[in-house]
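Any read-out appearing in this document is the output of simple, stated calculations on the displayed coordinates, not a laboratory observation. Given the structure is predicted, the values throughout are model-derived calculations rather than measurements. Glycine gets a Cβ as well: all are built from the backbone with ideal geometry, and neighbour counts include every protein chain shown.
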Amino acid sequence: MQKRGITVLAVAVLFALYVQNEAVSSSRYIAMGNLQTVIHGETLFSTDIDEDRPTTGFLWCQVREGTIHYRPTWARFVRIRDQKQFVADIGNDNKAYLHFGKSKAEASGKYRCEVKVPDNSIITGNMFAYSHPIVKNNDSWSLKKDDTEPSTVVGPTVYTALDTTARIPCPIIGYPEPNILWYKDNIPLEIEGRVTFDKVNGVLSIGEITEQDAGNYRCEATNQFPVQIDGPEQEFIVKLKQELKVGDNYGWMLPLAIILIILILLFIIIFTCQRCAKYKADQYNVAERERALHNDQVPLKNSV
Ligand SMILES: *[C@@H]1O[C@H](CO)[C@@H](O)[C@H](O)[C@H]1NC(C)=O
């Protein structure tokens, strides 16, 4: 109980600091809030929705002057990353709420709560919606969970030709911004020279590919945050494994050969079927002719 009291005090002080920094004229007001929530969303990758995930909580903030809680005349939350605005729900308890419900990891980030108080000044405070790192996939890039290693997903094999630039994706979502490390055949990969990593798009590029570049690549994304406001920081990780295959420039020959073989088989089947039908038709005609011949002979025999 005492610990909780200390926490609330700590939150209040934090917000008081923000208020003083950002709205000096209203320093008699104190913004308070729950400071953080954790988004559960997906397990390992973005289409891997965890059915049993608990609903993510909410962020709330409130303006106080001494022991008075002001009912905000207006309140909103702004996500800092993309400046997206969310109108707050104002509860009967005079708190401004941002509910996350079954939000995905993409909703994570730093948020600014903005509350308008009776003297029309706007009090703000920063809050955090944390998410462990997840790999962002889509319909045309399917991932599957690795059954042998925890927190690991396997991506499709990346094919590349000699002397070209290979691109190995590792798009990660999470807050705080995950740190990404690369490994090739379990050895840390140096990001230098012809090997570059574009953090914004999450793509590793390897220029002037040689046979030696083929192998098993893995990116590991980690971040840390406290699950409870007064708890210790915990580390979260997701690993993505992809194989890079280096071919000559005839990688397209195999599918073409398969298509050709299917076409040839199809022709053979159609041809033999036609022959078969014709043979049957011939046999039928022979029988008919013989029957006709036979029938012709009947009256002759009878007439004898
Ligand atoms: C799907 O994800 C992959 C890997 O990040 C990316 O290269 C590709 O452009 C994405 N496709 C679509 C349709 O978003």
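Could you work out how far apart the two model spin labels at Y183 and V87 are, taking each label as a point 7 Å from the Cα in the direction of the beta carbon, and quote it in nm?
5.0 nm
Where a Cα-Cα gap under 22 Å defines reach, which lysines qualify for K145, not counting those fewer than 8 residues away within the same chain?
K102, K104, K136, K184, K239, K241, K245
With a sphere of radius 9 Å drawn around the Cβ of D146, what net charge do the other residues whose Cβ falls strictly inside it have (Lys, Arg +1; Asp, Glu -1)?
Numbers: positive: K144, K145, K239, K241; negative: D147, E149.
Neighbourhood net charge equals +2.
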